[in-house]
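For reference, the structure is listed below as structure tokens.
The values are calculated or read from the model by the stated rules, or taken from the named source; none is laboratory data. Not measured: the values here are computed from a predicted model. Please note: Cβ atoms are built from the backbone with ideal geometry, for glycine as well, and neighbour counts cover all protein chains shown. Each accessible area value is taken on the protein alone, full model and side chains, heavy atoms only, with ligands, DNA and RNA left out. Shrake-Rupley method; radii C 1.70, N 1.55, O 1.52, S 1.80 Å.
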Amino acid sequence: MSGTADTTSTTDGTSTGDPAGTSTTTTDPGTTTGTGEHELGDAGKRALVAERERAAAAERAAAELQRKLDALTEATASEAEKAVIKARKEGEQAATAKFVTKLAESAVRSAATGKFRDVTDAVDHLRGRLSEFVTADGDIDDKAVTAALDKLLKDKPHWAATGSNPGRLPASDAGDRNRSQGKYGPINDLLRQ
């Protein structure tokens, strides 16, 4: 048992204790209780937007405080500690750069599937530009990816997926492996003799 009492919400905004440990929520008869944004009224949507803005502002403030703390820590650190801090930052930057590159490459690969005969052509061609597809927040800019792929298809239309098997190369078949090979027949028959 957690030691806290469960509560029951009423339509007037008050709560009552629930000694049985079950919790129920009552709502006004005209409201929906779904969690999707499309089911919210205008006031609910405004509240959701406001909450998201507050969360983003709190994240920015936390990042700024972390930067200040790091600067203060670095200013009071000894030479050995400063070297460790510098090495840690360089390692984090390298790891972040590698992750962002892989993330952008994955986004290009995903967006190119179905549009290109061979997806690796698109990825290889755009590999040097992958950082263009990542926003300052570290998110993928899907519109930039799509625009780059569309331009690439315009420049190289022969790379476009065609037919009933888009995004894949046609199967290569070396032929029937059971047919007779020359006047002596299959090699396996010769070896059995």
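A compact table of results
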item	result
Size of charge dipole - region 84-157 - debye, nearest 20, with Cβ of Lys, Arg +1 and Asp, Glu -1, no other charges	160
Restraint check, 102/156; 86/143; 68/98; 98/151, Cα-Cα greater than 31 Å	86/143
Amide H within-cut-off set for residue 134, under 5 Å, with H built and near neighbours excluded	141
FRET efficiency for residue 87 and residue 46, using Cβ-Cβ distance with R0 set to 41 Å, rounded to 0.05	0.30
Separation of the residue 60 and residue 110 label points, Cα + 7 Å toward Cβ, nm	2.6
Accessible area of region 35-117 belonging to carbon and sulfur atoms, whole % at 1.4 Å probe	59
